[in-house]
1. Would you point out the residue of region 462-504, among those that are hydroxyl-bearing (Ser, Thr, Tyr) and surrounded by fewer than 21 Cβ atoms within 10 Å (Cβ to Cβ), that is farthest from Phe580 (Cα to Cα)?
2. Is region 216-231 home to any residue that is among the charged types (D, E, K, R) and surrounded by fewer than 22 Cβ atoms within 10 Å (Cβ to Cβ)?
3. Of the conditions (1) open to solvent by 60 Å² or more (accessible area, probe 1.4 Å); (2) touching a helix residue (DSSP H, G or I) at 6+ places or on another chain (Cβ under 6 Å); (3) touching a residue at least 12 places away in the same chain (Cβ under 8 Å); (4) over 29 Å from Ala143 (Cα atoms), Leu277 fails just one. Which one is it?
4. From the list Thr188, Thr223, Thr201, pick out the single residue that is free of Cβ contacts under 8 Å to residues at least 60 places away in the same chain and of a type outside the set (A, V, I, L, M, F, W, C).
5. Report, by residue number, each residue of region 154-167 that is open to solvent by 30 Å² or more (accessible area, probe 1.4 Å), in a helix (DSSP H, G or I) and more than 19 Å from Thr223 (Cα to Cα).
6. Can you name every residue in region 296-323 that is in a loop (DSSP other than H, G, I, E, B) and under 21 Å from the mean Cα position of the chain (by Cα)?
7. Scan region 30-38 and give yes if some residue there is closer than 20 Å to Val433 by Cβ and β-branched (Val, Ile, Thr), otherwise no.
8. Considering Asp695, Asp650, which residue is part of a helix (DSSP H, G or I) and within 44 Å of the chain's Cα centre (by Cα)?
Amino acid sequence: MSLEITPEDFYKNATAKQERVFCFHAIMTTSTGIWLEDNPLMFSLPLLLFQIVLIFVVTRISHSILRRLSIPIVISQIIAGILLGPSCLGRIKSVERMLFSPRSWEQLNTISLLSFMLFLFLIGLKTDLSMIPKAGKKAFAIAICTSFFPFAIILLTGFLLRSRIPLRFKQRFLIVNIASSWSMTSYTVVSCVLADLNLLTSKLGRLAMSATLITEFTNLFITAVIGSYLLGSKGDSALMGVTSMAAFLGFMAFLVFVARPLTILAIKKTTPEGGMLDEACFVGVILLAFVCGFVSELIGYHATMGPFMLGLMLPGGAPLGVTMVDKLERLVVGLFLPVFLASAGLRLDLWTLGDRVGEWVVLFFYLMIGVSAKFVGGLVPCFYCRMPMRDCLAVGLMMISKGIYEIDSACRWQDNRIVDRQLFTVLVLAVVVVGGGSAPLVKHIYRPEDRFVAYKRRAIQFLKSNSELRILSCIHGQEHVNGMLTLLDSAHPTALSPVCLYALHLRPLAGRAATLLVPYTRHRTPFDASAASDTDHIFNAFIQAEQLYTGCSILPYVCISPYASMHEDICSLALDKKVFLIIVPFHKHLAIDGSVSAPIPAIQAVNSAVLRFAPCSVAVLVNHGLAAESSAFRAGGIPHAAVYFFGGPDDREALALGLRMAEDSSVGLTVVRFRLPNATMEGTEERLDERMMEDVRIRKSDGSRVVYREEVVKDGEGTVGVIREISVRFSLLLVGRGDGKETELTSGLSIWSEFAELGIIGDLLASTDFGGRVSTLVVQQQRRVAGNGQPESVRMGKAVKNEVDEEDD
């Protein structure tokens with residue numbers, strides 16, 4: 001008579017004092033198929049493949065629902081495991097026996113732990129250790145307060161309430177283990193949560209990552225010292241403890257002085273500049289990670305410690321980090337890691353919470369005490385540094401993030417019989433509650449874009465005469481250099497009217513977790529080595545152009561950031577440098593032969609975010625063939641620029657930029673004002689427009705190269721006709737972006753608009769179907785002023801209206 005083993009029976013016996021041995025029928029690896037009356041799910045390989053696919057599908061479905069609530073994917077994968085486990089679907093015995101019977105647990109656990117080991121290796125590889133020496137006192141204070149304060153509070157509470165602690169908690173030192181594990185903030189957890197929330201590049205995100213990295217290293221060495229001490233105190237001689245510590249230090253020395261130099265040397269010898277790792281180097285690094293995992297187990301540490309430390313010691317970025325992430329991350333993180341997290345859900349059983357309620361309530365109480373103390377520990381240094389309330393709360397919530405580290409600890413506690421299945425269920429549920437609750441709160445409380453607000457007008461329209469014009473030029477590749485240099489020339493830099501250009505080379509983040517925004521220094525590249533030559537070529541062109549002008553200074557910067565948050569670095573630099581105009585390239589580029597390059601949606605998203613959050617005016621350059629010489633306007637005879645003026649703040653900003661260009665005697669400017677028949681000047685916007693026109697008429701009467709003309713049209717069709725007729729005469733067109741709403745002058749045109757970031761007229765001019773080959777600069781005036789999010793036309797218009805009223809009085 002065979003004994004049926006359920007998961008509940010297995011874990012009960014696995015945690016009992018007298019262990020029992022379970023015997024199963026020998027299981028074959030592969031099946032001969034259903035045609036020979038074999039059940040593939042009774043064989044290890046088909047069963048494992050089916051389990052992986054099932055877990056993948058359920059985790060994706062659960063995350064597609066929960067991500068709308070900003071729930072991290074780690075929590076979604078744990079919940080998927082709960083749905084598949086004995087708490088829900090696993091309650092059906094036939095399903096449990098077929099899909100997740102005890103005979104499959106060993107192979108499932110092996111796959112999950114292997115994926116977890118590789119995942120930590122990738123996390124370590126993407127980590128920038130320079131964050132530790134760069135971390136300020138604030139990061140160190142947060143690291144100390146969020147680690148030692150909850151540790152002390154949990155132990156103090158346990159001491160004061162020791163009479164109410166269950167006996168089995170005391171026998172297994174459970175309170176001490178909770179204090180040790182839940183007082184530590186895992187760098188892996190925080191970096192994954194911030195990546196899910198697109199906050200890696202934010203100011204508070206960098207602060208939290210620096211603090212957790214400090215905590216990670218501190219915890220590792222403290223654990224090594226305490227473990228060696230306890231090992232020596234239990235043995236007959238202290239030699240065992242000394243040997244354990246020596247083995248740990250020797251392993252660290254091997255990583256620093258052997259593994260790292262040899263890996264770098266092998267990469268330099270076998271990898272060409274800008275290339276990816278060859279197959280031999282790739283396999284060699286993976287094998288080295290496995291060796292480090294084995295050595296970790298050999299000297300008494302978890303197998304994940306060695307690969308993680310190896311990843312920390314190896315250089316991130318290209319080519320090593322990029323290759324590893326490109327070849328491993330999708331497989332490990334997307335397919336195999338969900339197995340590890342879902343396995344935690346498969347282990348727990350919510351139905352066990354009906355027994356011994358008082359004991360698991362005590363455990364949950366101590367867990368919440370630790371979380372609360374950690375939250376307070378994160379608030380105190382922030383309050384001391386006089387950070388805003390919302391930022392203090394956000395940092396506290398970031399530091400209490402829970403996820404894969406706590407799940408791994410709970411699984412090891414269950415394997416080591418520190419907790420039984422009921423207490424394991426409580427631990428996992430606490431991770432789900434805290435981790436699933438803190439991330440949405442961070443998303444709601446912390447908005448990095450709120451700080452990209454200027455308290456002064458950063459627009460060319462309000463720039464004083466002969467003042468320095470500060471421009472931030474964004475370049476994604478060498479194809480954007482010529483257009484930006486052309487605009488630099490058109491800005492007319494002179495000693496009396498200087499221009500300061502911040503040239504920012506933007507590169508997508510790959511193979512590392514920390515972003516970079518640093519000044520460019522020739523022959524010193526702290527960023528990706530593979531991008532060094534491309535960056536050098538770009539900035540060499542700007543450095544040569546700087547020598548052509550007496551009133552021009554060019555300051556190059558390099559930004560390495562994910563596309564999802566690249567706009568934050570752009571806006572941050574613009575705010576810090578008090579820039580008046582940000583110029584971003586359009587995401588579609590017209591080649592010399594007239595063909596249009598494939599659009600890059602990521603760049604389009606960056607441009608849209610910059611337009612939304614910029615602390616100054618923004619211009620989108622649609623380059624349809626600006627010349628490649630140092631001065632495009634001098635390359636093809638006498639140039640001529642045109643401003644299409646429809647009215648509004650964006651059109652006034654475009655006109656102000658055009659008038660700045662017209663200060664160059666070699667530049668001709670035509671201002672084309674579109675008006676309706678019998679148009680009136682009664683509104684505030686109309687009066688502001690008329691004031692701008694007065695400046696144009698004055699320049700025209702002074703004999704400058706400014707031409708003013710009015711076009712009276714009835715509707716959008718008339719507007720298109722005029723634009724189609726006169727646009728071919730000009731080298732550059734300037735137009736305001738507008739608010740996207742149709743007026744009588746643009747009626748019927750919005751239905752053809754494809755790119756909202758260009759506005760109605762800008763989209764028309766940029767379209768190749770329109771037949772135009774003239775480069776266009778779409779301008780948007782500063783929208784965010786004085787800490788509120790009102791549009792500039794509402795807020796700034798009121799201020800200027802008061803000025804107009806005062807003049808009239």
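The values are calculated or read from the model by the stated rules, or taken from the named source; none is laboratory data. Nothing here was measured: the structure is a model prediction, and the numbers come from that model. Note that we place each Cβ from the backbone using ideal geometry, even for glycine, and neighbour counts take in every protein chain shown. Protein only, heavy atoms only, side chains kept; ligands, DNA and RNA dropped before computing areas. Shrake-Rupley method; radii C 1.70, N 1.55, O 1.52, S 1.80 Å.
1. Taking the candidates together, the pick is Thr494.
2. Checking region 216-231: not a single residue is among the charged types (D, E, K, R) and surrounded by fewer than 22 Cβ atoms within 10 Å (Cβ to Cβ).
3. Leu277 satisfies every listed condition except (1).
4. Thr223
5. Leu156, Phe159, Leu160, Arg162, Ser163, Arg164, Leu167
6. Selection gives Pro315, Gly316, Gly317, Ala318, Pro319.
7. No.
8. Asp650
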